[in-house]
Each structure stands twice: as C-alpha cells, then as structure tokens.
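Working notes, structure below.
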Amino acid sequence: MENLQGTCLCGAVSIEIMPKNHDIHACHCEMCRKWTAGPFLCIEASSHVTFSGEEYITEFPSSKWAKRGFCNKCGSTLFYHAVESNEYFMSSELFQLEDFRLVSEIYVDAKPAYYDFKNETKKWTEEEFLKNL
C-alpha cells in the first residue's frame with residue numbers, strides 16, 4: 001500500500017500516512033456530528049503518520065481515551081487520535097482517494113433520520129461497537 005499525502009483546507013497542515021487498508025468508516029455519534037457538521041468519515045492510518053505545520057494543529061481532549069485534531073488556522077477536521085493505542089483515524093476528505101470504499105458505520109442508533117448512506121455497510125450500534133473495543 002502506498003503512502004497518502006493530504007492537506008487541510010488552507011494548506012498550513014500537511015499530512016502523510018500509510019493507510020491500513022482502503023476502507024472508509026463513518027461515525028454518527030453526537031460528538032462527531034458536532035465536530036464535523038455531519039458524520040465523521042475516516043480512514044485508519046498504520047503506524048506511519050507524519051505532520052508538517054504542527055504549530056497549526058490543535059488537539060482537543062474529547063474523552064479520557066481520545067483527542068480530536070484540527071487546523072487552528074482554517075478549522076479543518078484532521079484526526080481522531082486514540083491515545084492509549086496511538087491509533088489515528090484521519091479525515092478521509094484530506095486526501096485524494098482512489099479505490100477506497102465506505103465499509104462500516106458506527107453509532108447508527110445516534111444517526112439522525114434526515115440522512116442515510118445508500119452503500120451496503122456493516123452497521124454498529126453504540127453498544128455493539130463498545131463491546132468490540
């Protein structure tokens with residue numbers, strides 16, 4: 001798998017990652033929807049994550065186990081960082097993605113009724129997702 005390179009909206013933050021696979025995941029939890037103004041669409045990065053323009057990255061500790069990163073210059077959503085496991089779930093829209101597919105949705109029981117994805121995906125309720133952590 002090849003590295004992906006992307007930037008925030010203003011270009012102040014550049015990111016290079018090695019994706020774990022070609023899967024895109026969606027989170028419908030209330031926190032993600034407030035953070036992104038919609039579901040958080042993300043790709044899971046392998047251990048290779050490199051940032052440049054780090055002075056423009058602000059991390060918000062949204063829970064005991066995770067931080068959310070954004071560009072403090074333009075406001076772009078950058079990542080969800082699971083602190084204990086050091087896993088990064090990167091906003092999929094930072095990158096030009098080919099051959100990627102939406103494969104799963106979590107917190108489907110928190111999804112508002114006013115939107116649906118037409119893709120066939122694995123759907124997890126909050127309870128199902130938390131059981132599998």
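The values are calculated or read from the model by the stated rules, or taken from the named source; none is laboratory data. In this text, all values refer to a predicted model and were calculated from it rather than measured experimentally. Don't worry about glycine lacking a Cβ; one is built from the backbone with ideal geometry, like all the others, and counts go over all protein chains shown. Areas reflect the complete protein model, heavy atoms only, side chains present, ligands, DNA and RNA absent. Shrake-Rupley method; radii C 1.70, N 1.55, O 1.52, S 1.80 Å.
In table form, for the structure just shown:
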item: Gain on full stretching of the segment that runs from residue 9 to residue 127 - 0.36 nm per residue minus C-alpha separation; result: 39.1 nm
item: Solvent-accessible surface ranking, highest first, for 130, 9 at 1.4 angstrom; result: 9, 130
item: Evaluated at q = 0.22 Å⁻¹: base-10 log I(q)/I(0), Debye formula over Cα of the chain; result: -1.52
item: Pairwise label distance in nanometres, residue 31 with residue 103, each label 7 Å out on the Cα-Cβ vector; result: 2.4 nm
item: The chain, helix-only ellipticity at 222 nm - DSSP H runs n ≥ 4, -39,500 (n - 2.57), divided by all residues, nearest 500; result: -2500 deg cm²/dmol
item: Within the chain, percent of DSSP bridges classed antiparallel, to nearest 5; result: 80 percent
item: Label-to-label distance, nm, for residues given as residue 86 and residue 116 (7 Å Cα→Cβ offset); result: 4.3 nm
item: Within a Gaussian network of the chain (alpha carbon springs, distance under 10 Å), most fluctuating of 54, 120, 44; result: 120
